[in-house]
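Okay, here's the structure, questions in a sec.
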Amino acid sequence: MKPDYKEIGRRIAERRRSLGLKQAEVEERADLGCKYLSSIERGISIPSTEVIMRLAIALDTTPDAFLVGAVKIEDQERWRTVAQRLRTLSPRQLNLAEELIDIAARQDMD
């Protein structure tokens, strides 16, 4: 199953609007380039795992709120901890982490 980037962008935009934030404010909080959030919200740009994590922190939610439309409040602190750890990784380490996340996401855990 491929991610629906238009839907992910819609969820990000919805969360941003619900907090009353402008795109530029969120870009600053998430350390994103100018107009990058706009293209993510429209489904034009495909955000990396790191960008999704940074947006989740900036918008005070969890990445799964954007990826699958569900917020796991009980795991919110755990998501923040993971996001903070990802921010300290080197580019090579971050690539490895993203590959591991992709592998884990493909596993049928039911």
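The values are calculated or read from the model by the stated rules, or taken from the named source; none is laboratory data. Note that this is a predicted model, so its numbers are computed, not measured. All Cβ positions, glycine included, derive from the backbone under ideal geometry; neighbour counts span all protein chains shown. Each accessible area value is taken on the protein alone, full model and side chains, heavy atoms only, with ligands, DNA and RNA left out. Shrake-Rupley method; radii C 1.70, N 1.55, O 1.52, S 1.80 Å.
For the stretch 1-58, with only Lys/Arg (+1) and Asp/Glu (-1) charged at the beta-carbon, what is the dipole magnitude about the Cα centre, in debye rounded to 20?
Values: 12 positive and 9 negative charges, 43 e Å.
Using only the charged Cβ atoms, the result is roughly 200 debye.
What 222 nm value per residue comes from the helices of the chain, counting each DSSP H run with n ≥ 4 as -39,500 (n - 2.57) and dividing by all residues, nearest 500 deg cm²/dmol?
Theoretical 222 nm ellipticity from helices: -18500 deg cm²/dmol.
On to the next question. With point charges of +1 on the Cβ of Lys and Arg and -1 on the Cβ of Asp and Glu, referenced to the Cα centre of the chain, which listed residue (A83, M53, I12) lies farthest in the positive direction of the dipole?
Going by the Cα projections, it comes out as I12.
How far apart, in nm, are two points set 7 Å out from the Cα along the Cα-to-Cβ line at A97 and at D4?
2.9 nm
Which percent of Cα pairs goes in each bin when the distances of the chain are cut into 10 angstrom slices starting at zero?
14, 47, 35, 4, 0
Report relative contact order for the chain in percent, whole number only (criteria: Cα-Cα under 8 Å, sequence separation at least 6).
Taking the mean separation of contacting Cα pairs over the length of the chain, I get 23 percent.
Would you tell me the accessible area of E27, worked out with a 1.4 angstrom probe on the heavy atoms of the protein chains, in Å² to the nearest 10?
E27 has an accessible surface of roughly 20 Å² with all protein chains in place.
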